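A short write-up of the structure that comes next.
Bear in mind these aren't lab numbers, they're just calculated from the coordinates by the rules spelled out. Bear in mind the structure is a predicted one, so any value in this text is a computation, not a measurement. A quick note on method: Cβ atoms are made from the backbone with ideal geometry, for glycine too, and the neighbour counts reach across all protein chains shown.
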Amino acid sequence: MKDPAMKLTQEERDILEGNQGLILQKVMRTLILYGEALSAEKFVDIEGPGHFSIPFALPGVGPRLEMLDELAEAGLKTKYPFTLDPKAPLDFENLFLRREQEQAFDEMFRNQGPYDRRMLQLGLRDEDAYTCTPYLPEVGNIAPKGTILAWSESSCVVYANSVLGARTNRNAAIMDILSNIAGKTPLAGLLTDQGRRATWRVEVDTSQMPNPQLLGAAIGMKVLEDVPYVVGLDRFLDTEINETTRDYLKEMGAACAAIGAVGLYHVEHITPEAIDHGANLLRHGHRNYHIDDEELRSLMDSYPVMWTEKGAKPEKCLIGCPHLSLRELKWWACQIPAALEAHHKDRLAVDTVLCAAPQVLQEFKAEEQGYERLRSAGVKLSGTCPEAYMDNQLCARDAVITNSNKLRAFTTARMFLDEDLLEVIVTGEI
Amino acid sequence: MSRVFKGRAILPRNLEGEALVTHSGFNTLASFYKSMLTEAEVAICHDQGNKELFGKQLTDKIICLPKTIGSTSAGATLDRVAQLGIAPKAMLFSQHIDSLGAAGLVLAEVWVGMRICTIDQLGDDFLEYVKDGHRIVAKEDGTVVVE
């Protein structure tokens, strides 16, 4: 390898020269090429646990097991224990699957066992550390403000940067693991003060609190990978980040990140850096985007029905992309029975799965009352990923409904706002 | 008539090939997904969201793009594509390379041992000028000649 353009510490040079083993040398070589491509001048040390986006080994698509084998056999491990995105849809008892779908998943995820074992060897925190909401208190991967991280999974990156005030770039899968093994990440982009300044001022001028995933989609489509500074949401949200505000920002961020490529947003008077620096975060010459009721209504109306049979009756409802918080699970556990009662019904007309982190589900189930209400309504709870469930031809043909704009964007699922979705799952009619 | 553009050589190579152009972001995972899943001998773009590339051959082409887009899981795509022997010859970015694109190309280089020639910052003019089927000569110093 030619002399690196990046400024390396003695420790980094030692690794590059192979003094800490050939595989770690290969890891460092990868990170240097990656850092140089990003125009980074140096590395910074990673200061907290990772979160990574590939939790399963889909043959042909997932990470190459040979590469993970090389890392694990060299005895390498991440500096801090990490969490992973949700598990593959293999908890068949919770997913209302047809036999051929079960067979397809068994085949697709046939390498899951070895993959899970490799991840534990490489530093996975524990066997339940699978969720796209690792930052919830029940899961506990919560970095303090200012912590340098190297995360992937777009919805987690945007939450860590925006709501926790930690600093991570939008890393690609595998580069995330390699960075966390070396404990180094290139100083570039969202790790720098300049990279965290906003190039868009987004004014939310709606008559009531907008649906967070619709608002996030509008912002993401407009600003793409830029940093927006959002004003006007403090009319609807508490300025302290309590559970309601946290969940709103979680949903908004997931849509910003999935439908655009936003890695960081600031919300005036709410998110930590907006509280510290206010409108000074806006760069000179920033652009403006005004969002009103009509803007969001026309966005919602623009979504096409992607079902094979456009007029089909809904067959399945997936809620929890990103994974639900405990507060959100309790909300559905109140709303679903109330909607059933209003229609003089006992059970939902549409097979419905609520997805959340294993730790959140465990806590929810321990509180028995809400869990029993959902069970008797016919609802199933799962720790899997709705997107992974839909990402195959067999399931993509099903008439699936959701409240997730992210799931809608990446799959054939049809999106409804929460209140409308409730009506559909109770009646089975659209 | 030919035009010369100068960019930054990230993974340099001297080579020639045929241009395949997208003016919107190149979604690496969506583009290669089906070809990887079926272990196809030649990759065809299956990204329905990219009207310019959908249905066209990607293998051995010189992809001219602004940057890559899509899921962070796309990082594991290009090294897999390289391993399967269905990679493009080169990726020529008009803008500064993005983190997802950089990751995939570097992983292919170091962990598969296959260099996909990578040049970035070729400028908007480059992407406006180059068309599908143009003959391209890429040089190690980041020079790109479109013939």
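Here are the numbers for this structure:
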{"item": "Residue mean of other protein chain beta carbons inside 10 Å, A:293-303", "result": "0"}
{"item": "Inter-chain shielding of B:76-88 (mean C-beta neighbours from other protein chains, 10 Å cut-off)", "result": "2"}
{"item": "5 angstrom amide H check on B:K61, placed H, neighbours 5+ away", "result": "B:K89"}
{"item": "For A:L324, distant residues with modelled amide H under 5 Å away", "result": "A:C355, A:A356, A:A357"}
{"item": "Dipole moment magnitude, nearest 20 debye, the protein assembly as shown about Cα centre, only Lys, Arg, Asp, Glu C-beta charged", "result": "1100 debye"}
{"item": "Loop chymotrypsin sites (Phe, Trp or Tyr not before Pro), the stretch A:163-255 (other Cβ atoms within 10 Å of the site Cβ: 10 or fewer; DSSP)", "result": "none"}
{"item": "Test item: A:44-55 mean partner chain Cβ contacts at 10 Å", "result": "1"}
{"item": "Crossing angle, helix B:28-37 versus chain B [Cα axis fit, 0-90 degrees, rounded to tens]", "result": "50 degrees"}
{"item": "Fewest-first sequence of B:H134, B:H23 by Cβ atoms within 10 Å of each Cβ", "result": "B:H23, B:H134"}
{"item": "Under the span-like rule (Cα at least 20 Å along the axis, Kyte-Doolittle mean at least -1.0), DSSP H helices of chain A", "result": "A:22-37, A:243-259, A:326-342"}
{"item": "Neighbourhood net charge (14 Å Cβ-Cβ; Lys/Arg +1, Asp/Glu -1) for B:L58", "result": "-1"}
{"item": "Computed [θ] at 222 nm, helices only, for chain A once each DSSP H run of length n ≥ 4 contributes -39500 (n - 2.57)", "result": "-11500 deg cm²/dmol"}
{"item": "In the stretch B:12-94, trypsin sites (Lys or Arg not before Pro) in a DSSP loop with at most 12 other beta-carbon atoms within 10 Å", "result": "B:K51"}
{"item": "Separation in nanometres of the label points that stand 7 Å from Cα toward Cβ, at A:E240 and A:S302", "result": "3.9 nm"}
{"item": "Relative contact order (%) - chain B, alpha-carbon pairs under 8 angstrom, separation at least six", "result": "36 percent"}
{"item": "Per-residue HN-Hα couplings for the stretch B:54-68 [Karplus 6.51, -1.76, 1.60; θ = phi - 60°; Hz; x = Gly/Pro]", "result": "3, x, 9, 6, 9, 4, 6, 8, 9, 7, 10, 8, x, 6, 9"}
{"item": "Shape of the stretch A:196-301, Cα gyration tensor, a/c cut at 1.5", "result": "rounded"}
{"item": "Cα gyration tensor category, rounded, prolate or oblate, for the stretch A:115-215 with a/c compared to 1.5", "result": "oblate"}
{"item": "Neighbour cut-off at most 15 other Cβ (10 Å), DSSP loop, GluC sites (Glu not before Pro), the stretch A:104-139", "result": "A:E127"}
{"item": "Residue exposure sequence - A:H51, A:H284, A:H343, B:H96 - by fewest surrounding Cβ within 10 Å", "result": "A:H284, A:H343, B:H96, A:H51"}
{"item": "Max mean-square fluctuation residue, GNM over chain B, Cα-Cα springs under 10 Å, options B:D125, B:D47, B:D60", "result": "B:D125"}
{"item": "A:A342-A:K42 pseudo-label distance in nm [points 7 Å out on the Cα-to-Cβ vector]", "result": "6.0 nm"}
{"item": "Percent antiparallel among DSSP beta bridges (both partners in the stretch B:13-147, rounded to 5)", "result": "40 percent"}
{"item": "Cα centroid separation, the stretch A:66-121 to the stretch B:8-81 (Å)", "result": "26 Å"}
{"item": "Cα gyration tensor shape for chain A, rounded if a/c is under 1.5, else prolate or oblate", "result": "oblate"}
{"item": "Percent RCO, i.e. relative contact order, over chain A, from Cα pairs under 8 Å lying at least 6 residues apart", "result": "16 percent"}
{"item": "About the Cα centre, charge dipole magnitude for chain B (Lys/Arg +1, Asp/Glu -1 at Cβ), debye", "result": "20 debye"}
{"item": "3J(HN,Hα) from dihedral phi, the stretch A:138-155, Karplus parametrisation 6.51/-1.76/1.60, rounded to Hz, x for glycine, proline", "result": "5, 8, x, 8, 10, 7, x, 3, x, 5, 7, 10, 9, 9, 10, 6, 4, 6"}
